[in-house]
Amino acid sequence: MRNILVKGNRVTGLIDWECAGWFPAHWEYIKANWTDFDAEDWVRDLREFIPPFDLENRADWAVGWSRSWRGRLDL
């Protein structure tokens, strides 16, 4: 969310692409849940534009990756 530059209602740029690449579909959902800010609306609305992978998100949480990145589990 903080890597998208917006002016008015138009996206003007994207920054911080060092992790860009092809990843399995569930990874985008899991990674989008890794927030380091209070983003209740973000986590709730995320399910509207990225298909949810709740099982995979819980598995990621269980092995500790998300916690090490200050992730959250809001299901």
Single unsatisfied condition, D41 versus (1) surrounded by 10 or more Cβ atoms within 10 Å (Cβ to Cβ); (2) assigned to a helix (DSSP H, G or I): (1)
Would you please list the contacts, defined by Cβ atoms under 9 Å and residues six or more apart or on different chains, that run from a residue in the stretch 15-35 that is on the phi > 0 side of the Ramachandran plot to a residue that is part of a loop (DSSP other than H, G, I, E, B) and of a type in the set (S, T, N, Q)? D16/N3
Counting only residues that are surrounded by 10 or more Cβ atoms within 10 Å (Cβ to Cβ) and at pLDDT below 80, the stretch 2-22 contains a total of 1
Of all residues in the stretch 8-30 being outside any loop (DSSP other than H, G, I, E, B) and of a type in the set (F, W, Y), the one that is nearest to the chain's Cα centre (by Cα): Y29
Across the stretch 23-38, what is the number of residues that are at pLDDT below 75 and surrounded by 14 or more Cβ atoms within 10 Å (Cβ to Cβ)? 1
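The values are calculated or read from the model by the stated rules, or taken from the named source; none is laboratory data. Note that this is a predicted model, so its numbers are computed, not measured. Ideal geometry is used to build each Cβ from the backbone, glycine not excepted, and the neighbour counts take in all protein chains shown.
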